[in-house]
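Each remark here refers to the structure printed beneath this line.
Where a number appears in this text, it was derived from the coordinates with a stated rule and is not lab data. Quantities reported herein were computed from a predicted structural model and do not represent experimental measurements. Glycine also receives a Cβ, built like all others from the backbone with ideal geometry; neighbour counts cover every protein chain displayed.
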Amino acid sequence: MSYSLQYIDHFTKPRGVGEVVPPDASSEVKHEGGGCFDNIRLTLRIDNNRIIEAKFRARACSGTIAACSALVEKIEGLNLVEASILTPDDLAEYLGGIPDKKRHSVELVIKALSEALKGLS
């Protein structure tokens, strides 16, 4: 599978790079394996149980950068329940598909979201 136009766009022009200061929720996750040593920090601003701002910092492969960018674009405006049920497949579809070798990227980004939301409980 080749890289979709959405994937390339999110990788070359990532949205939401930076940090929400101060965050209402945050997480830091890592992936090591398959040649990638991805580190993500996800920060969220929440108001009335709705994500109103999401930002990320990443030292990561192209797949994880694209997935982070897609995630922050997708979750801004969602309520916490809507955000909590997102899956790696949802994110892969939002990116127009991803190669199997980049599957870890969408899984890691959804893990970062899950960890950040878990901190709110």
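Things to note:
- For the peptides 37-46, 62-71, 110-119, the ranking by packing is 62-71, 37-46, 110-119, with the highest mean count of neighbouring Cβ atoms within 10 Å listed first.
- Top of Val20, Val109, Val81 by mean-square fluctuation, Gaussian network on the chain, Cα under 10 Å: Val81
- Kirkwood hydrodynamic radius of the chain, Cα pairs, Å: 13.9
- The chain, relative contact order in percent, only Cα pairs under 8 angstrom and at least six apart counted: 32
- What separates the Cα centres of region 1-25 and region 45-88 is a distance of 9 Å.
- Total lysine pairs in the chain at Cα distances under 16 Å, for residues eight or more apart or on different chains: 8.
- The simple spin-label model puts a point 7 Å past each Cα toward its Cβ; for Asp9 and Lys118 those points are separated by 3.3 nm.
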